[in-house]
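**Student:** Structure incoming, see below.
The values are calculated or read from the model by the stated rules, or taken from the named source; none is laboratory data. Here the structure is a predicted model, which is why all the values come from computation and not from measurement. Backbone-built Cβ (ideal geometry, glycine too); neighbour counts: all protein chains shown.
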Amino acid sequence: MSDLTALVPGPLSLAGHRLGTPQRAGALTMVPISGPAHPGIVAPRSGLKLARVPGYGQVELRNGADTGVAIVPLHIGYVQDAAQNHALCRSALLAAGQSLLFEDAACVQESQGGLLAGRDQWFFVLPLELRARALELRGVNGYSKLWTDIADLNTRYGLARRGHLEQILSRKRPVLTQFQSRLELQPGQLGALFFVGDRFAGLEIAPDPVYFAQMWTALVCFAYGVAAWQAEPAPADPEPYEATSLAGLRAALDADRATRLAEIADRLAALPTGPVEVREEDRYLDLRLSTVTGPHLAGQIVTEGERAVYASLFAPATATGTATGGTATA
Amino acid sequence: MDTPLLLAHFETHDEPVSLPRGGTLCWDDADFHRAAHTDDPEGYALLALTPGVRPWQRARVLLQVLAASQAGLDDATRATLASLTRVLALALPPAHVITVLLALRRLRANHKHTTRAILRFVLEHPDADALIAARRPALVDCFEHALGKATARGCARRVGEGDTGSDYLQRRLLRFLAAPEHALPRVRALYAAGHPGATAPPRAALTVDLLRERPATVTATNRGDIAATLVHLYRGGPAGDLNTALDRHLGDAVGHLPPFPGTVALVLDASASMRGYGDREWAVLSQAAALRLVLAELCERLEVVEVGGDERTPRGATDLATGVLDALATDPDLVAVVSDGYENLFPGDLARVTASLPRAGITTPVVFCHALFTGSDDLTLRRPAPALPERGFWHQDDFAELLPWMFGHCAAGEPWLRAALHTRLAALDRQAARIQTRSAA
């Protein structure tokens, strides 16, 4: 299968990263990525904690690990009962024991504020449809800055026109969370390419498999699962193969699969490319956090020299809502 | 006899048989039952004891067995049918049995085995006194149909006059009964004044289907003993103690079941989703593994094709289609796919491959055993091959229904099913005899 060099922007080297066999769940195709791990990065669930929400639009995160820098996942959000839910518009690097107050967080649900205890927290990543706008609004203070976009998204999906992302994340959680089982994490997997229908949706690279495993649910269920849920194809009647023996049937299946893999490879080869703007936003020791913006790709990356440590990149056109209705080829 | 079709019908169609006043008997699937009975009277009747068969279907089997002539049947089959009649007459709600007996009257069925069954129910049921008090006119109709109106009334008159063993009574009534001394007072009661307001006991005297464990909250370890033990093994519990317990629980689970004289190829989904996560970790996989252990004990040969990872280290994606092709290559009598239903490597391939089997000349039955967390799982997105025969399971108790359903799909399963149901019938008949003895004491 094709490599990733054509897709990623200039400073990001994915040398050594390999694509695995694609999996599909409805409209969502996931191509697993394996490759060299970058040790010493604190994983989000085990090390990164939501410390408090001091006010609307303000979220304080803490790297609770004794050692290691935490990479705050791009567009991570937290949900907990009895507190307003917030999402972050940007990533960040947090040294061990460090806390950081994000004053440009976006409230994604009108509710009463309060101190958050850790037990019932769960985190998500903003749905693909909101990511481009959220990235644009990084550094902009205003807790309600995503409400209009959330309301538009709810309307588009037949839900009440409100600035409550909870209408999707919580009420549709039973169907969305099935994506974490409909797609299966591979041993050693530390990243993935996502397609919704036949369109590229995003590229996610984590520092190591543990980090990626902790992001798995948030990515497949919420970041990409929401768009895929809306584009879920109707089940098709199976068309029998022409084979007249068990061996013939196995050969027909293998040939058919090879054709479908080739189609996905063609899709990868046809990914839009072009110049992007890369702007450094944060640094910690040799790590560089940069924002990528371009007509075909946006997001944030963390690099060490030329080596990719973390990437959360998505297709802005898909993110603004033109992905639905795509049909995954059988 | 199409066992899977028959079982599916028995487990899903629970419409009552009804007798409209002045109308004809409403028995909507009579032809279906008659055809199955004609094909294999004993096999058909035994299927009524399969766990999960609906009560009104059991009532229909009782009706069919009692309505049909036994001419031409050998002694062993007649004995089986007699035993089944005794069991069903006690295992069905009494109101169902009375409907069956009244239906026999409408059908004018008056074979000797019919007469015996009617008289024993009316006069020797453990709740006969309460039933006569509550349903006297209906039971008089049954009694008079069994003996003929004149004979029935002649017997009643003689009993009323104190006759307890005349030649007349012996030849016409007593020879059908097991405990005449308790039955004769009930003949008098049948023709005595009624008891307005009396109610019939609603519940059956004998339990056929075991009461299931129904935990208020399903966890990874309250889904049966085998799975619970496996969960602790997977979590790293002490292997010595747990394996000893596992052997004991396995013995308890299969001890009463006959060996399956054939080959089952089990396609076991050992992908990451089968392991689960959080509070549900190991729950689904442990029950699938429990089924594997049970099959390994029962089957003459069990071929296991693991998909994804393996039972102890589930991982990766689910390629069920290749698993089925690998399983078919072992030349089994039956292929059973055990999966949570998340086919993701090449979704749709299982459906397409199994739809291609007839054209490829492969007649080996393939069934889909749906591994669930609870019986109320949402399966909307978890049916990779909807055309396959499919049955869910989440608790060890489900094996009682799952195994007959699985084996019933292949020819090698026919003798297994017959042997298993004979064993079940014998056990139930012993219970029925104990109940009757207690009642007569």
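**Student:** Would you confirm, using the coordinates I've provided, whether A:Ala37 is surrounded by fewer than 20 Cβ atoms within 10 Å (Cβ to Cβ) and more than 30 Å from A:Asn85 (Cα to Cα)?
**Tutor:** yes
**Student:** Which one of the conditions (1) surrounded by fewer than 18 Cβ atoms within 10 Å (Cβ to Cβ); (2) under 28 Å from the mean Cα position of the chain (by Cα) does B:Val97 fail to meet, given that it meets all the rest?
**Tutor:** Failing condition for B:Val97: (1).
**Student:** Taking the residues in the range A:234-283 that are part of a helix (DSSP H, G or I) and of a type in the set (Lys, Arg) as candidates, determine which candidate is farthest from the other protein chains (Cβ to nearest Cβ).
**Tutor:** A:Arg267
**Student:** What are the pairs with Cβ atoms under 8 angstrom where one residue, in the range B:375-396, is more than 12 Å from chain A (Cβ to nearest Cβ) and touching a residue at least 60 places away in the same chain (Cβ under 8 Å) and the other, located anywhere, is acidic (Asp, Glu) and crowded, with 17+ Cβ neighbours inside 10 Å? Sequence gap at least six, or different chains.
**Tutor:** B:Gln396/B:Asp225
**Student:** Now for a different question. So which of B:Ala183, B:Ala150, B:Ala130 ends up being in the same structural domain as B:Ala82 (by TED's automatic domain parsing), farther than 28 Å from B:Pro20 by Cβ and either of a type in the set (Gly, Ala, Ser) or touching a residue at least 60 places away in the same chain (Cβ under 8 Å) (or both)?
**Tutor:** Selected residue: B:Ala183, the only one of B:Ala183, B:Ala150, B:Ala130 that is in the same structural domain as B:Ala82 (by TED's automatic domain parsing), farther than 28 Å from B:Pro20 by Cβ and either of a type in the set (Gly, Ala, Ser) or touching a residue at least 60 places away in the same chain (Cβ under 8 Å) (or both).
**Student:** Please go through (1) at pLDDT below 95; (2) assigned to a helix (DSSP H, G or I) for B:His195 and return the number of the only condition it doesn't satisfy.
**Tutor:** Checking B:His195 against (1) at pLDDT below 95; (2) assigned to a helix (DSSP H, G or I), the one that fails is (2).
**Student:** Something else: Residues in the range A:251-273: is at least one at pLDDT below 95 and acidic (Asp, Glu)?
**Tutor:** Within the range A:251-273, one or more residues are at pLDDT below 95 and acidic (Asp, Glu).
**Student:** Something else about it: With B:Leu268, B:Leu250, B:Leu233 as the choices, which residue is out of contact with any strand residue (DSSP E or B) (no Cβ under 7 Å at 6 or more places or on another chain), assigned by TED's automatic domain parsing to the domain that holds B:Pro404 and over 27 Å from B:Leu49 (Cα atoms)?
**Tutor:** B:Leu233
**Student:** Next up: Just need a number here: residues in the range B:1-29 that are under 18 Å from B:Pro389 (Cβ atoms), of a type outside the set (Val, Ile, Thr) and outside any loop (DSSP other than H, G, I, E, B).
**Tutor:** Residues meeting the conditions: 8.
**Student:** Select from the range B:404-425 the residues that are touching a Pro at 6+ places or on another chain (Cβ under 7 Å) and outside any helix (DSSP H, G or I) and list them in ascending order.
**Tutor:** Correct list: B:Gly408, B:His409, B:Cys410, B:Ala412.
**Student:** Moving on to the next point. Only residues that are within 14 Å of chain B (Cβ to nearest Cβ) and part of a strand (DSSP E or B): list them for the range A:20-63, please.
**Tutor:** Once the filter is applied, which keeps residues that are within 14 Å of chain B (Cβ to nearest Cβ) and part of a strand (DSSP E or B), the range A:20-63 yields A:Gln23, A:Arg24, A:Ala25, A:Leu28, A:Thr29, A:Met30, A:Val31, A:Pro32, A:Ser34.
**Student:** Sticking with this one: Name every residue in the range A:186-208 that is within 13 Å of chain B (Cβ to nearest Cβ) and either closer than 22 Å to A:Ala262 by Cα or in a strand (DSSP E or B) (or both), in order of residue number.
**Tutor:** If the condition is that a residue be within 13 Å of chain B (Cβ to nearest Cβ) and either closer than 22 Å to A:Ala262 by Cα or in a strand (DSSP E or B) (or both), then A:Gln186, A:Gln189, A:Ala192 are the ones that fit.
**Student:** Out of all the residues in the range B:301-344, which are more than 13 Å from chain A (Cβ to nearest Cβ) and either small (Gly, Ala, Ser) or buried (at least 24 other Cβ atoms within 10 Å of the Cβ) (or both)?
**Tutor:** The answer is B:Leu334, B:Ala336, B:Val337, B:Val338.
**Student:** With respect to A:Thr291, is the statement that it is farther than 30 Å from B:Arg382 by Cβ, over 20 Å from the mean Cα position of the chain (by Cα) and at pLDDT 95 or above true?
**Tutor:** no
**Student:** Just name the residue that is farthest from A:Pro39 (Cα to Cα) out of those in the range A:172-185 that are surrounded by fewer than 21 Cβ atoms within 10 Å (Cβ to Cβ) and more than 8 Å from chain B (Cβ to nearest Cβ).
**Tutor:** A:Lys172
**Student:** Residue by residue through the range A:97-151, note down the ones that are of a type in the set (D, E, K, R), at pLDDT 95 or above and surrounded by fewer than 17 Cβ atoms within 10 Å (Cβ to Cβ).
**Tutor:** A:Glu103, A:Glu136
Residues are listed down the side, and each one gets a yes or a no for (1) under 20 Å from B:Val307 (Cα atoms); (2) surrounded by 13 or more Cβ atoms within 10 Å (Cβ to Cβ); (3) modelled with pLDDT of 95 or more:
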site	(1), (2), (3)
B:Leu246	no, yes, yes
B:Gly255	no, no, no
B:Ala265	yes, yes, yes
B:Ser271	yes, yes, no
B:Asp279	no, no, no
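**Student:** Taking A:Leu219 and the conditions (1) away from chain B (no Cβ under 12 Å); (2) surrounded by fewer than 23 Cβ atoms within 10 Å (Cβ to Cβ), which numbered condition does it fall short on, given that it satisfies the others?
**Tutor:** Single failed check for A:Leu219: (2).
**Student:** On the given criteria, is B:Ala420 surrounded by fewer than 17 Cβ atoms within 10 Å (Cβ to Cβ), away from every other protein chain (no Cβ under 14 Å), under 18 Å from B:Leu47 (Cβ atoms) and under 16 Å from the mean Cα position of the chain (by Cα)?
**Tutor:** When the stated conditions are applied, B:Ala420 does not pass them.
**Student:** Within the range B:19-33, restricting attention to residues that are exposed (fewer than 13 other Cβ atoms within 10 Å of the Cβ) and under 23 Å from the mean Cα position of the chain (by Cα), which residue is nearest to B:Leu421 (Cα to Cα)?
**Tutor:** Restricting to residues being exposed (fewer than 13 other Cβ atoms within 10 Å of the Cβ) and under 23 Å from the mean Cα position of the chain (by Cα), the top hit is B:Asp31.
**Student:** I would also like to ask the following. Which one of B:Ala270, B:Ala290, B:Ala253 is within 14 Å of chain A (Cβ to nearest Cβ) and either over 30 Å from A:Thr217 (Cβ atoms) or touching a residue at least 24 places away in the same chain (Cβ under 8 Å) (or both)?
**Tutor:** None of the other options fit; the residue is B:Ala270.
**Student:** Sticking with this structure for a sec: Among residues belonging to the range B:270-293 that are basic (Lys, Arg) and touching a Phe, Trp or Tyr at 6+ places or on another chain (Cβ under 8 Å), point out the one that is farthest from B:Thr217 (Cα to Cα).
**Tutor:** My answer is B:Arg275.
**Student:** Does the range B:393-403 contain any residue that is assigned to a loop (DSSP other than H, G, I, E, B), in the same structural domain as B:Leu230 (by TED's automatic domain parsing) and either surrounded by 23 or more Cβ atoms within 10 Å (Cβ to Cβ) or among the β-branched types (Val, Ile, Thr) (or both)?
**Tutor:** Scanning the range B:393-403 turns up no residue that is assigned to a loop (DSSP other than H, G, I, E, B), in the same structural domain as B:Leu230 (by TED's automatic domain parsing) and either surrounded by 23 or more Cβ atoms within 10 Å (Cβ to Cβ) or among the β-branched types (Val, Ile, Thr) (or both).
**Student:** Separate question: So A:Leu4 ticks every box in (1) at pLDDT 90 or above; (2) within 30 Å of B:Tyr342 (Cα to Cα) but one. Which box is left unticked?
**Tutor:** In the conditions (1) at pLDDT 90 or above; (2) within 30 Å of B:Tyr342 (Cα to Cα), A:Leu4 misses (1) alone.
**Student:** Can you find a residue in the range A:173-191 that is within 22 Å of A:Leu14 (Cα to Cα) and under 12 Å from the mean Cα position of the chain (by Cα)?
**Tutor:** Yes, that holds for at least one residue.
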